[in-house]
Structure formats: structure tokens, C-alpha cells
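Please read the structure below before turning to the comments.
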Amino acid sequence: MAKDPTIPGTPVPHQPITGTDRLTTAGGVPLRDTDHSLKAGQRGPTLLQDHHLREKITHFDHERIPERVVHARGAAAHGVFTAYGTAETVTSATFLKKDKETPVFVRFSTVLGSRGSADTVRDTRGFATKFYTDEGTFDLVGNNIPVFFIQDGIKFPDIVHAAKPHPDREIPQAQSAHDTFWDFVSLHTEAQHHTMWNMSDRGIPRSFRTMEGFGVHTFRLIDDNGEASLVKFHWKPKLGVHALVWEEAQMLGGFDPDFHRRDLADAIEAGAFPEWELGVQIFPDTPQQTFQGIDLLDPTKIVPEELAPVQPIGKMVLNRNPTNYFAETEQVAFHVGHLVPGIDVTDDALMQARLFSYVDTQLTRLGGPNFEQIPINRTHAPVNDMLRDGLHQSEIHSGIAPYHPNSLDGGCPFVPDGSPDARAFIDHPVKITDAEKTREQAASFDDHFSQVRQFWLSMTPVEKEHIVAAYSFELSKCTLPQVRERQVQHLANIDPELASRVATALGFTAPQPTIELADLEPSPALSMVGQTWPLDGRTIGLVIGPETSVEAIAGVRNTLMGRSVTPLLIAPDGAPLADGTPVDRTLQTARSVEFDAILVADGASSLAGDPMLSLLIGESYRHAKAIGAWGDGVEVLATTAAAPSSTGVTAAEQADGVVEDLLTLMGSHRVWERLVPNALG
Ligand code: HEM
């Protein structure tokens, strides 16, 4: 099939693996028939000698590999990272030198669900980036939330077992709204910070393109002179950080479980390339490894951006969709230990366990030790390792001395010297103070509540409203009263108002705090609302009627596409317009959750009162989306929840003004005031 660039999702045509368009066996023998098995007579039994049947079925029987134990559901894209050069003072990594371009592959994921689960569940999102640098592969394996549930990786199996579906019935899928999750996090208060982020709108992103990414741990950068700094990595999306509303997220689970992967692929195909800036917060590498009293080795803590600004060091643009999901997105193997000269790890006990875990799990998932040879995992740097043999070895190594030192292969591979020019990876010589072996951690890890309260206090009224609703929903799905009550006690220790509102929703009275509430300054950078952002790749549902002029539609479509916004035409039936423009949805097949805004055209007044149209507009209104109409389309709005004079509804005689108003409203992501009075505080 030819690829039609105007239709999103048209597949790339099949290409022969090697030079023939004839069907062959895996061994390259052309085949005459692949539709009938070899039988003893037309109606007889199948013969065991049918080697083609056996090859075809056997390969099919083994097509699946184990899904990832966590982050099983994901979507990915290729792109390029361009360094600003601003990191040259703190790291020798050559891919961070000014204007250096490095190919990247990024996989976004949910954590809890299986491969076939819905995209829009409330969960943390993975944000894993593979930089194919000239000096070897660097993986930044992060999340869209800057803190983690646990301070020590030894507890990772515990949090994951608690969060995954209950082992008896294997429910619920892909979500934390159940007893075992809340049992664990309420017994284990260091999880409260991450949990608060999950209950905020960060847990239900509008798109992968509108998520921040965080390296979470503190890393160590080493400059040309061998001097080290501690840093935290941040990805900042050009489009801002935006979320769904909870009802939308739930509806999408049914209407379009692939919402996020579709959005990513469609945006790239439409040329609205997703973009992020990579930035670092930089701290001196002191023996204490703290900054303004915050322990930098504690992954349940952030450093507020107001205390240490995020300094941009480069830009990433995702500009190419994978060609084959399995070969690329499924087989990609990230590893926290993929480091390049100039970047090193710290002693964060969570990170230390991750350094072991990724390769270990990939040995099973990818069937042996040679998965670095799979094309998507292959480094772009020259390789001369002494790793040999193993399942699925695809290199034909020469030489007889794969050991070091050797004389039989002339000493090759040689070990570079430690000089800066040799660009070898050198573990930074961190001083370990006089220490005893212990299973304890520092007292500075003990405060589990101050920053959770800081997060809550940094939210605007509308964001607080969503947090209250999220805790109420999740805890209402817990059947055990002691779990709910224990968690609400923690909420009281975060903020009494939060606890009281959640307790009221659950039908009991909130307890008093049992600790003194901390009084950290709010961090406005934590809030997601209150600014305006670009609209690239956003969608507008353009409702047209039998009397809508084809020229008017063409004009509005052109204006929107010129602003990188995708118009989707919604008509009473699916017949193309007189000028051949295809209709994207009918009133029967459109649902509000697909669109960021709704615009009703002149000539649609005869549709007023249509129940599906009223549902479309009513839901969009309830989800605080911008709504507009021009000409007699205004009469349609008058029969819906979105009366022309209501907040965030724009109406006029001519299309031009309405389109501009609508785009302005969309720039704030939603019409927040419609949800909560004084929404932004
Ligand atoms: C800051 C904490 C953590 C972050 C940000 C994080 C992030 C991620 C991400 C983004 C992925 C998906 C990678 C992909 O797209 O293929 C992933 C997978 C995984 N993570 Fe983590 N993770 C964290 C903690 C841990 C810990 C503590 C462990 C274990 C000790 C762990 C074990 C795993 C495993 C086993 C996978 C599956 C890897 C695979 O099958 O390829 N993670 N993690």
C-alpha cells in the first residue's frame, strides 16, 4: 500500500528484508503456496513432512517475548538532541558540546499496566531517553514525576507487588485504586510524596508531549579537569505541562485506549514535532551531598526550582516514528548504567539497585546476553569488547585471544590510558568516609511529610480540587476501612483541609495531625496552570451542517493548520464535502474526549437539539474545553450546556474572530474558571 502522508496512520509499505519481493522460507527458498498445508489427498490428514507449515507455525508460536515487569505499555519515537554548549563548564561529555547533534530514541510508558492496558490511567509515566553519542550510549531513564516511592531499591519488589493487580483475581489493571497499593503506601510513609504527585494532575497527562521528565536521582557530572558537580536532570516540554480531567481519562480508557500513543505518532506524522529542553539543577559536590538542607541522595525529595533554577543545556526534537513496534519500541533496552565519560552515578541507594536490575531483567526479557546487538540497542560508537558467544550471538568475532592481557592477538584490544584525551570512562574517585557495613540509612531521610505539604500548598485552587477528588476516588475503591483511615491520617499530617475534604467524601471525620506541620515556602514552579502555551498538534472538532459553505470550511481549516492545530470535521454523515475534503467523524462516531476544543460552523443550525451533538458539547463544556461558534452555529450552542454567554464560550457572526478567540482560550489549556471559581487563586 502506498503511504498517503495526508492520512495519519497510513503504514509504511512493506520492504523485503533482502532483495526479493517473492515469498520465501526463512532460508530464502521461494514458496509456491502458503495457504494450504501439505495433506495426504485433498481431504486427508496433514503430513508431518510439511516443513513450511512447521516453520510458519513454530515461528508464530514463539512470536511473543515476556513483557517488562514494570513499564510494559509504552510508545516511542526517534529524534535528535542538540546541545547548547552551556554544560561544557560542568561536564566533559562530548555530546553536550555546543551545537553537537546526537540521535535519540525515547520511550514513554505507564508503569503498572500490562502491554494491552489503557494509556490514560492514573499512573506515573516513564520517560526513557537513549542518546546514541559518539562516545557510547547514554541512557537517561527517568519518569514524569521527580520523586520516587522508596528510598532504597531493595524495596522495589514490595512497592511493585503492592501496586500491581491483586494476585488472586488479577484486578484491577493498570491503576493504584485498590487496597494493596494504599496498604503499602500508608504503612510506608516515604511513599507519600510520590503518591501526592500521582494524585495531582501529573498522574493523568494530556499527552506524552506535554509531560516534564526527570532523572529523579542526583547524578554526578565531571568536567575537563576532573572536577565534579552534582546535578538533577529535567526535561521541559515546549508545549507546557498539561493533563486530562479525570472523567476524560476514564472515558478514553474505553473510547480510545491508545490515546497517548496515537497522539504522539499523529503529531510526528503531521510535522508537529514534540520538543523538550534538557536542563540541569547544579549543586556543589560537597562531602555532605546536601543542598540547603535537602539530602541529594534521597530520591523522595526535590530541590525546588526557586532554590536552584533549571539551567537549559540542550533541546530534543522527536521527528520520526518507529517503523516496527516490536523491533524498536519493544526490544529497546534502557539501562541506568549506560554512562559516558563526563557523567557518573551517585550513592543514592535507589539508583544503586537500578544499576543491577535493568540488565538482569533484560537477560530474561530479551532472551540472553546479546541484546545490545539488536539494532535499536546498538551503540553508534565503535565496539571492541571481549564479550563472546551466548544465545543469539550475531557477530562473527575474529582472533583467538578474547582476554586481557594477551599477546596472541598482539595485545588487542588495548586499554586506553587515563589521560583526558583517551576519553575512557573513569569512575569518579569519590571518597568513602570511614564507614561500617550497615542496613541503616541517614536520619536526613526521615522527614516524609514537609515536601508533600509544600507541594499541596503550591497548588492553585483548581489543582487542589483535583487532588481531593483523586484521593477520594482512589480511597473509595479500597474496601478495608483501616487502609482508608491510615491514609487519611497521613493526609492530616500533610494538610488538615485536604484530610477533611477527603474524609468527608469518604463519609467519616478526619483525624487531627499527629505531627507538627512543616512550613516550607510554596514552590510556584510545581503548578501546571496559569500561563499560555503553543498549541502544536492540538485538535479542534469542527462541527459542520448541511448549509455550511465549503469555502468557509476550507478557510477555517487552513487558518488552523497554519497554526499547527489539527481540525477534525464532524458532520451529520460521512460523505466527503463537495471539494473532496474527507469528513473525519460523524455525529454518531465523534466523542468529546478526542478534541481539545469544539467549533460549530455557520450553516449548522438545523443540528440544534441533536442528542449526540448536545452530548459532545455538554461533555466538552464539563471538561472545561474552549467552545466557539459563528453565524447560525451559535443557535446550536444555545440549546446546550455551553450557552453563548458562558465562561470560555466564544460566539460571533464571522469565523475569523471566533477562531482567534478559541485559539487564545486553548492557549491556557482549559477554561479553568468553569471548574472552580477563582480557579487560579
Ligand atoms: C527513580 C526511580 C525509577 C525510575 C525513574 C524508573 C524508570 C523506569 C523506566 C522509564 C522504565 C521503562 C524503560 C523502557 O521504556 O523500556 C523502567 C523499567 C524498569 N525498571 Fe525502573 N525506574 C525506577 C526505579 C526502579 C528500581 C528501583 C528498579 C529495581 C530495583 C527498577 C526496575 C525496573 C525494571 C526491571 C524495568 C523493566 C526494564 C526492562 O524490562 O527493560 N526501576 N524503569
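The figures follow:
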| quantity | calculated |
| --- | --- |
| Hey, V69 within 16 Å of the ligand (Cβ to nearest atom), open to solvent by 60 Å² or more (accessible area, probe 1.4 Å) and closer than 30 Å to I343 by Cα or not | yes |
| Residues that are more than 10 Å from the ligand (Cβ to nearest atom) and surrounded by 17 or more Cβ atoms within 10 Å (Cβ to Cβ), drawn from region 345-366 | V345, T346 |
| One residue from T94, T110, T86 being in contact with a helix residue (DSSP H, G or I) (Cβ under 9 Å, 6 or more places away or on another chain) and open to solvent by 10 Å² or more (accessible area, probe 1.4 Å) | T86 |
| Qualifying residue in region 446-461 (condition: in contact (Cβ under 8 Å) with a residue 60 or more places away in the chain and closer than 20 Å to A162 by Cα) | yes |
| Tally of residues being closer than 30 Å to A163 by Cα and over 16 Å from the mean Cα position of the chain (by Cα) across region 67-115 | 2 |
| Residues that are acidic (D, E) and more than 12 Å from the ligand (Cβ to nearest atom), drawn from region 318-344 | D344 |
| Condition met for V452 (out of contact with any Cys (no Cβ under 8 Å at 6 or more places or on another chain), away from the ligand (no atom under 16 Å from the Cβ), outside any loop (DSSP other than H, G, I, E, B) and under 30 Å from V185 (Cβ atoms)) | yes |
| Residue list for region 628-681, filter: among the aromatic types (F, W, Y) and either out of contact with any strand residue (DSSP E or B) (no Cβ under 6 Å at 6 or more places or on another chain) or farther than 24 Å from E547 by Cβ (or both) | W672 |
| Residue within region 372-380 that is within 16 Å of the ligand (Cβ to nearest atom) and under 21 Å from the mean Cα position of the chain (by Cα) present | yes |
| Filter result (more than 16 Å from L230 (Cα to Cα), open to solvent by 10 Å² or more (accessible area, probe 1.4 Å) and in a loop (DSSP other than H, G, I, E, B)) within region 326-344 | Q331, F334, H335, G337, H338 |
| Enumeration of residues in region 423-472 that are open to solvent by 40 Å² or more (accessible area, probe 1.4 Å) and of a type in the set (A, V, I, L, M, F, W, C) | F425, I426, V430, I432, A435, A442, A443, L457, A469 |
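The values are calculated or read from the model by the stated rules, or taken from the named source; none is laboratory data. Note that this is a predicted model, so its numbers are computed, not measured. Reconstructed Cβ throughout: ideal geometry from the backbone, glycine too, with neighbour counts over all protein chains shown. Side chains included, ligands, DNA and RNA excluded: accessible areas come from the protein's heavy atoms. Shrake-Rupley method; radii C 1.70, N 1.55, O 1.52, S 1.80 Å.
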